[in-house]
Amino acid sequence: MSALSTLLETLRQAAVTEREKGTYFEELIICYLRTEPRYVDLYDKVWTFGDWAREEGHSAKDTGIDLIARTRGTGELHAIQCKFYAPDHKITKKDIDTFFSASGKSWFSHRIIVATTNHWNSNAEDTLGNQYPPVSKIDLLDLETSIIDWSQYHPKQTVALREKKKPRDHQKTAIRSVLAGFKKHDRGRLIMACGMRIFRMLMVFPVSLSALTSKTNGHRKQKRAPVMCPSTALYWTGAFWTFRKKARNSCSRN
């Protein structure tokens with residue numbers, strides 16, 4: 001079992017009621033949204049639905065919305081539902097209908113369904129499309145690949161991050177070769193096995209760009225290198241390594 005799977009099973013066993021189990025998972029997702037780089041950049045505040053509703057003067061009755069997140073800079077509100085299911089559960093349209101009804105309010109600009117499973121039936125998948133407000137999902141795979149070290153997770157405490165990766169010997173050789181090439185040329189190609197290029201690229205670029213700076217009128221001008229990805233999944237793989245240095249250990253903050 002993965003560290004996250006072990007943690008989720010521990011929370012299931014510790015919960016006396018379904019409400020308590022749901023609360024444990026909501027706290028975990030608040031931690032995730034306050035730590036995972038893509039959401040740290042996106043949101044400046046994450047509440048439980050009850051806390052947000054009381055602040056805004058709305059009814060705090062449980063209607064299927066579990067969390068509210070506010071976007072940084074624009075102040076838009078995203079409604080979030082947290083589904084704490086068994087990993088082999090297949091989500092159906094019936095599982096999400098109540099959330100859709102409750103979150104179809106004018107004050108929400110986006111909706112997110114977080115689930116501890118990767119399985120959705122075709123009707124549920126079809127329901128996600130062509131919605132307004134639009135809907136996205138965070139599934140078990142997304143949580144598994146978080147920068148959070150789930151083996152060290154404790155509710156409402158500072159989160160530990162997974163150990164940072166370091167280049168292996170053959171990667172160090174490739175990095176040295178790239179830097180040596182940049183001393184003679186302003187472009188080149190790095191041909192490596194799949195799965196290795198993103199990490200190596202991120203190791204090389206900070207050094208190589210520094211080496212490629214030029215002076216104009218006594219001032220140093222920094223070069224830039226565009227990075228193009230064929231998919232958002234590959235982009236976030238690169239972002240994982242880039243952003244982990246500035247991720248905030250902020251699960252315990254209000």
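Read-outs throughout are calculated quantities, based only on the coordinates presented, and are distinct from any laboratory measurement. For clarity, every value in this text was computed on a predicted model and none was experimentally measured. Don't worry about glycine lacking a Cβ; one is built from the backbone with ideal geometry, like all the others, and counts go over all protein chains shown.
Miscellaneous remarks
- Dipole of segment 1-63, positive end: most advanced residue of Trp47, Gln13, His58 [Cβ charges, Cα centre]: Gln13
- Between Ala86 and Ser2, the contour length at 0.36 nm per residue exceeds the Cα-Cα span by 28.8 nm.
- Each label point was placed 7 Å from the Cα along the Cα-to-Cβ direction; for Ala193 and Trp107 their separation is 5.4 nm.
- Between Lys183 and Lys45, the contour length at 0.36 nm per residue exceeds the Cα-Cα span by 45.1 nm.
- Entries of Lys83/Lys137; Lys45/Lys137; Lys61/Lys156; Lys83/Lys156; Lys21/Lys61 with Cα pairs more than 22 Å apart: Lys61/Lys156
- Near the amide H of Asp149, within less than 5 Å, lie the amide hydrogens of Ala160, Leu161, Arg162, all on another chain or at least 5 residues away, with H placed in the peptide plane.
- Residues in segment 113-126 carry Karplus couplings, in order, of 10, 9, 9, 8, 8, 9, 9, 10, 7, 5, 5, 5, 4, 5 Hz; the curve used is 6.51 cos²θ - 1.76 cosθ + 1.60 with θ = phi - 60°, and Gly or Pro positions show x.
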